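Visitor: Got a structure for you, questions after.
The values are calculated or read from the model by the stated rules, or taken from the named source; none is laboratory data. As the structure is a prediction and not an experimental result, all values here were calculated from the model. Heads up, the Cβs are rebuilt from the backbone with ideal geometry, glycines too, and the neighbour counts pull from every protein chain shown. Accessible surface is based on the protein model in full, side chains and every heavy atom, while ligands, DNA and RNA are left aside. Shrake-Rupley method; radii C 1.70, N 1.55, O 1.52, S 1.80 Å.
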Amino acid sequence: MTQNLSEYRKDFPILNQKVNGEDLVYLDNAATTQKPIQVIDKISHYYLNDNANVHRGVHTLAERATKQFEEARDKVAKFINASDQHSIVYTRSTTESLNWIASTFADQVVNEGDEIVISEMEHHSNIVPWQQLAKRKHAVLKYIQLTSDGELDLQSAEDTITAKTKIVSIAHASNVLGVVNPIKELAKLAHKNGAYLIADGAQAAPHMPIDVSDLDVDFYAFSGHKMLAPTGIGILYGKPELLKIMRPAQFGGEMISSVHEQTAEFKESPWKFEAGTPNISGAIALGAAIDYLNKIGMKNIQAYEHDLTEEILPKLLKIDGIKVYGPQDPNKHTATFAFNLKGIHPHDVATALDMNGIAVRAGHHCAQPLMDYLNLTATARASFYFYNTVDEGNKLVDSLEQVKEFFSNGVSETK
Amino acid sequence: MGLAKLNELYKAVILDNANYPQNKREIENVPKFHMDNPTCGDSIDVFSKVSDGVIDDIAFTGSGCTISQASASIMTTVIKGKKIKKARQLISDFSQLIQGKKISDKAMDELGDAAVIGVVAEFPARIKCAALAWHAADELLNKEGGKDD
Ligand SMILES: Cc1ncc(COP(=O)(O)O)c(C=O)c1O
């Protein structure tokens with residue numbers, strides 16, 4: 001290992017507990033990560049000292065709350081290298097960010113017969129809003145295919161993205177296949193064809209440096225809860241000129257500059273999108289989560305998780321009867337491993353691992369079209385974060401051998 | 001604790017039924033009911049042949065985990081040959097049982113092998129797996145029963 005981030009583990013008290021009598025090994029980070037005390041403390045500090053509504057009221061607490069709320073926006077902008085903080089819109093989640101684009105901006109630019117392009121590896125939140133838009137507009141939803149390795153097929157991307165394409169929306173990193181998609185190239189391809197590129201960064205922003213300016217994406221969506229912040233706070237980045245023409249999805253207080261009986265003027269972005277009292281403590285806590293991640297350094301996190309992958313993926317692949325989905329080469333795989341053990345249903349695998357204190361997810365991972373594409377109904381998935389260790393990876397591997405033993409000892413296949 | 005606790009869930013009856021399921025087949029030209037387990041994507045179809053308010057035949061198809069397959073298999077054995085009303089009562093008892101609620105000794109007796117599945121109450125994440133086939137059967141019999149009553 002070139003990296004060692006285990007010193008940060010102590011900041012996550014939740015990890016230090018027994019589950020079913022065994023040390024907890026939390027490997028469900030693609031679903032949501034744990035929160036360090038620095039983030040939890042920030043939330044309680046805010047409620048113990050500064051709580052007030054933002055952008056209203058002239059009193060001191062309102063001033064403090066507003067300042068911290070807007071400072072967090074700055075932090076987000078710097079975190080993804082956005083040119084200015086006005087391009088950062090607070091939402092509830094990745095799901096809400098993608099829904100807003102599909103129901104407003106994309107709704108404004110997509111017309112009958114136009115094409116919307118996504119890929120076979122998308123999360124339901126990057127599929128269903130586009131299905132709805134296609135239905136509304138009589139547009140066509142098309143899918144970029146995958147290579148046999150589970151990577152995005154760039155030839156298919158070239159064939160699918162054409163002059164008819166208005167929107168291309170692709171996961172920056174897959175929550176199942178463990179691949180990182182070439183967003184910069186896809187943005188070029190989209191732009192060459194006069195289309196907009198939207199990246200779903202839910203599984204990328206927590207794990208690697210993100211530079212939306214270099215990627216040249218038009219929109220970028222991610223969730224706070226997958227990167228140490230609480231649930232209920234998400235981000236929508238948009239290029240300033242696009243946010244300018246994008247309609248708000250919701251209307252009400254906070255987002256207006258003036259209201260008359262029949263009409264209203266809206267604020268500038270990002271505030272025109274943020275109707276009603278926002279998730280103030282969530283935004284401030286996201287700022288604290290970003291401070292924490294920056295302290296470690298996103299490059300270090302990426303390098304450490306790569307080291308974990310190099311240690312663990314080959315060991316997983318050595319298990320007789322395992323199938324790990326996505327590329328088998330650790331250099332092409334993130335520390336998220338979806339897998340199946342031959343003849344054992346992933347639900348049974350997950351229950352068995354839970355008995356050993358290991359938390360993994362089993363199911364379709366909100367990617368049913370991908371499951372169909374791979375001819376599966378479900379997989380188990382172990383997803384690591386920087387606070388996980390090689391020892392935990394080894395325990396997973398050992399436990400999988402035990403699970404196999406348990407289910408083959410006198411019992412054979414459950415198909 | 002480790003994997004030893006698994007023996008409580010994966011009892012012999014459950015493993016046997018999962019590996020060698022009873023009545024796992026289609027029945028042609030009879031009503032069926034389809035149900036999905038939205039957490040894992042597993043799905044099941046339950047078929048029943050009813051005459052004079054009695055379930056002459058009941059069967060299922062579909063894929064799933066050990067618990068859902070075993071539960072479906074046992075469900076068919078428990079319900080086959082029963083009157084619809086009785087069957088629905090048993091389904092309701094089973095549903096109580098797997099949620100950890102106490103049911104009468106008589107109901108436990110009548111559930112037979114199905115009573116063994118009551119242990120899923122200790123594995124809350126798996127209750128839905130156990131319930132799937134029984135829910136599907138209940139929906140199906142509800143429709144069928146409506147005709148006879
Ligand atoms: C790739 C991807 N996109 C989108 C989402 C949706 O995120 P959220 O549920 O936070 O909106 C997830 C998380 O489940 C994801 O993994």
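Visitor: Please give the calculated 222 nm ellipticity per residue for chain B, where each DSSP H segment of at least 4 residues contributes -39500 (n - 2.57) and the sum is spread over every residue; nearest 500 deg cm²/dmol?
Guide: -14500 deg cm²/dmol
Visitor: Once you keep just the Cα pairs under 8 angstrom separated by 6 or more residues, what percentage relative contact order results for segment A:39-295? It would help to have the intermediate numbers written out before the result.
Guide: Details: 517 pairs, mean separation 62.6, N = 257.
Reported as a whole number, the value is 24 percent.
Visitor: Near the amide H of A:T165, under 5 Å away, which other amide H atoms are found, from residues 5 or more places off or on another chain, if H is placed in the peptide plane?
Guide: Placed amide hydrogens put A:E115 under 5 Å from A:T165.
Visitor: Counting protein heavy atoms only and a 1.4 angstrom probe, how many square angstrom of accessible surface do chains A and B bury in total, to the nearest 100? Working shown, then result.
Guide: Working: alone 17400 and 7790 Å², together 23150 Å².
By this definition, chains A and B bury close to 2000 Å².
Visitor: Whole number in Å², please: accessible area per residue of the protein assembly as shown, 1.4 Å probe, ligands, DNA and RNA not counted.
Guide: Value returned for the protein assembly as shown: 41 Å² of accessible area per residue.
Visitor: Take every DSSP beta bridge with both residues inside the protein assembly as shown and express the antiparallel ones as a percent of the total, to the nearest 5.
Guide: So the antiparallel bridges amount to about 70 percent of the total.
Visitor: Shifting gears a bit: Among the residues of segment A:310-356, which ones have their accessible area go down by 40 Å² or more when all the protein chains sit together, as opposed to their chain alone (1.4 Å probe)?
Guide: By number: A:H345, A:H347, A:D348, A:T351, A:M355.
Visitor: Using the Cα gyration tensor of segment B:1-129, with a ≥ b ≥ c the square roots of its eigenvalues, what is the shape: rounded (a/c below 1.5), prolate (a/b larger than b/c) or oblate (neither)?
Guide: Oblate, since a/c reaches 1.5 and b/c is not below a/b.
Visitor: Ok, one more. Give, rounded to the nearest 20 debye, the magnitude of the charge dipole that the protein assembly as shown has about its Cα centre when Lys and Arg contribute +1 at Cβ and Asp and Glu contribute -1 at Cβ. Intermediate results must be reported in sequence, preceding the final value.
Guide: Numbers: 58 positive and 73 negative charges, 156 e Å.
In debye, rounded to 20, the protein assembly as shown gives about 760.
Visitor: Round to the nearest 0.05 the FRET efficiency obtained for A:H45 and B:A121 when R0 = 41 Å and r is the Cβ-Cβ distance.
Guide: 0.50
Visitor: I need the phi-derived Karplus couplings for segment A:382-392: 6.51 cos²θ - 1.76 cosθ + 1.60, θ = phi - 60°, integer Hz, Gly and Pro marked x.
Guide: Ordered by residue, 3J(HN,Hα) equals 10, 10, 9, 10, 5, 8, 7, 10, 4, 4, 5 Hz.
Visitor: Among rounded, prolate and oblate, which fits chain A when a ≥ b ≥ c are the square roots of the eigenvalues of its C-alpha gyration tensor, a/c under 1.5 means rounded, and a/b larger than b/c means prolate?
Guide: Cα axes put chain A in the oblate bin.
Visitor: What does the helix-only formula give at 222 nm for chain A: each DSSP H stretch with n ≥ 4 adding -39500 (n - 2.57), the total divided by the residues, and the result rounded to the nearest 500 deg cm²/dmol?
Guide: -11000 deg cm²/dmol
Visitor: Tabulate in residue order the Karplus-calculated ³J(HN,Hα) for segment A:234-244, using 6.51 cos²θ - 1.76 cosθ + 1.60 with θ = phi - 60°, rounded to whole Hz; enter x for Gly and Pro.
Guide: The phi angles translate into x, 10, 10, 8, x, 4, x, 5, 7, 4, 4 Hz.
Visitor: Can you pull the one-decimal nm distance between simple spin-label points at B:N7 and A:D391, each 7 Å off the Cα toward Cβ?
Guide: With each label point 7 Å from Cα toward Cβ, the separation is 2.9 nm.
Visitor: Right, next: Averaged over peptide A:398-404, how many Cβ atoms belonging to another chain are found within 10 Å of each residue's Cβ?
Guide: The shielding value for this peptide is 1.
Visitor: What full-extension length gain, to one decimal in nm, is calculated for A:K244 and A:H260 as 0.36 nm per residue of separation minus the Cα-Cα distance? Kindly include the intermediate steps, with their values, before the conclusion.
Guide: Details: separation 16, 0.36 × 16 = 5.76 nm, distance 2.21 nm.
Between A:K244 and A:H260, full extension yields an extra 3.6 nm.
Visitor: Report, by chain and number, residues whose modeled amide H sits under 5 Å from the one on A:I256, excluding near sequence neighbours (fewer than 5 apart, same chain).
Guide: Hits under the 5 Å cutoff: A:K267.
Visitor: Right, here's the next one. Shape verdict for segment A:125-217, please, from the Cα gyration tensor: rounded (a/c under 1.5), prolate (a/b greater than b/c) or oblate.
Guide: rounded
Visitor: Work out which residues of segment B:97-131 lose at minimum 20 square angstrom of accessible surface when the other protein chains are put back, relative to the chain isolated, with a 1.4 angstrom probe, and list them by number.
Guide: By number: B:F123, B:R126.
Visitor: Just need the relative contact order of chain B here, percent rounded to a whole number, with Cα pairs under 8 Å and 6+ apart.
Guide: 27 percent
Visitor: Can you find, among A:H260, A:S148, A:L24, the residue farthest towards the positive end of the dipole of chain A? Put +1 on the C-beta of Lys and Arg, -1 on that of Asp and Glu.
Guide: Ranked along the dipole, the leading option is A:H260.
Visitor: Okay, moving on. Provide the per-residue ³J(HN,Hα) series for segment B:103-110, in order, calculated from phi with Karplus coefficients 6.51, -1.76, 1.60 and θ = phi - 60°, each as a whole number of Hz, with x at glycine and proline positions.
Guide: 10, 5, 4, 4, 5, 4, 4, 5
Visitor: OK, next. In chain A, carbon and sulfur make up what percent of the accessible area (probe 1.4 Å)?
Guide: Reported share for carbon and sulfur atoms: 49 percent.
Visitor: Taking loop as defined by DSSP and a crowding limit of 14 other beta carbons within 10 Å, which trypsin sites (Lys or Arg not before Pro) in segment B:15-66 fit?
Guide: B:R25
Visitor: Do any GluC sites (Glu not before Pro) in segment A:94-188 lie in a DSSP loop with no more than 10 other beta carbon atoms within 10 Å, and if so, which? Please list the in-between numbers first.
Guide: Numbers: sites: A:E96, A:E112, A:E115, A:E120, A:E122, A:E151, A:E158, A:E185; in loops: A:E112, A:E120, A:E122, A:E151.
Answer by residue number: A:E112.
Visitor: Consider a paramagnetic label point 7 Å from the Cα of A:T162 along Cα→Cβ; state which residues of segment A:182-223 have an amide N under 18 Å from it.
Guide: A:189-196
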